[in-house]
Structure formats: C-alpha cells, structure tokens
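Every number here is computed from the coordinates shown, using simple stated rules; none is lab data. These numbers come from a predicted model, not from an experiment. Please note: Cβ atoms are built from the backbone with ideal geometry, for glycine as well, and neighbour counts cover all protein chains shown.
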C-alpha cells in the first residue's frame, strides 16, 4: 500500500512474505474471491453483473484499499456517472437502437459517442471529486453498445454495487480499515 500502510491480514502477509510478495498474495486471493462472488451473482441472476471494468475496480480495492480512488464513494459515483454519460452519448449520436461497434463497425457516430462518453465521465468525476479510472471502461461498454438497454445498464450498476460491498467486506474482514464511504481526500470537489 502507499505510505507503508498495511493492516490486519494484509499487513501480516507483507511481513511474512515481504512487502511486494505479501501484497501480491493478498490482492490475488481477494480479487479471486470478490470476482467469484460477482460471477456467482451474475450466474444466479442471469444478468451481466460481471463485466470488464470490474477487473480494474477490484484491483484498486485490493492493491490500494486506502486510496481515495478505491473508496466505495468513488467507485459507486464513478460507475454511475459513466453509465449515464454512456447513455447520454448514445442518445446524442442517435445510437440507442443500433447494434454494438462489433456488429456495425467503427462508424463516425459511434466514435463520437465513445469519445464524448469518456470525456464527459472524466470531467464530471473531477468536478465531483470522485475520480475512479475504471469508470472509463464502463462508459465505453455503454457508448460502444455492448450493454445499452436500461435493464443492462441497471445490471451494470448492480454489478458495481455488489463488487463494492464484497470488496469492502473482504478488506474489513482482513483487518484493513477501509472507509465506509469516502476518504478525507474525497470529502469535497477539488480546488
């Protein structure tokens, strides 16, 4: 962890196996367990609750659990803004009923929707003081048409919420004092 902050099981692993190896062991098993839980929930719900941008979110939760970008606040706000920005970009470029970029290729409207969604997500998150880089992938999942119906977008948010709860519980169970919502660095907008 940055600044040498290690706690509980995470700290014990770092002491027992050395800083880098201990952190790798912790991140490996925590990511494995959290994403298995997310995958099982997706399987049982038969909804896309497991999707690519949960990977970097899980890595943040377990590699940098005390960082502002890893807080539940930033993860939830980040992905929610990303989903909304992706949906807005689809609407503005007239793509709500179009197939994904994999089916219709890279059209100019699709390129515009993708670029706008990432730019909008980044700007809004900076204004909110809620930076969460994995949300850049979530907004592209929506704006490129991979998951674009209201039901699919709701499932994306449910997947983020599920992983956030699992990550928080795993870190807390391991003795890592992660914040329940945000860190002091995320208490307000920058500047």
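Hey, what D do you get for segment 1-73 in µm²/s if you plug the Kirkwood alpha-carbon radius into Stokes-Einstein at 4 °C and 1.567 mPa s?
On the way: Rh = 13.1 Å.
In µm²/s, the coefficient is 99.
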Distance in nm between residue 97 and residue 33 label points, each 7 Å along Cα→Cβ, equals 4.8 nm
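For the chain, what is the mean residue ellipticity at 222 nm derived from helices alone (per DSSP H run of n ≥ 4: -39500 (n - 2.57); sum divided by total residues; nearest 500 deg cm²/dmol)? Walk me through the numbers on the way to the answer.
Details: 8 runs with 126 residues, N = 191.
Rounded to the nearest 500, it is -22000 deg cm²/dmol.
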Please give the helix 8-17 orientation as an angle from the longest Cα principal axis of the chain, in degrees from 0 to 90, rounded to the nearest 10. 70 degrees
Residues 77, 83 in order from fewest to most other beta-carbon atoms within 10 Å are 77, 83
When you take every Cα atom in the chain, what is the radius of gyration, and what is Dmax, the widest Cα pair distance, in Å? 17.5, 56
Just to confirm the number: angle between the C-alpha axis of helix 150-173 and the first principal axis of the chain, 0 to 90 degrees, nearest 10? 10 degrees
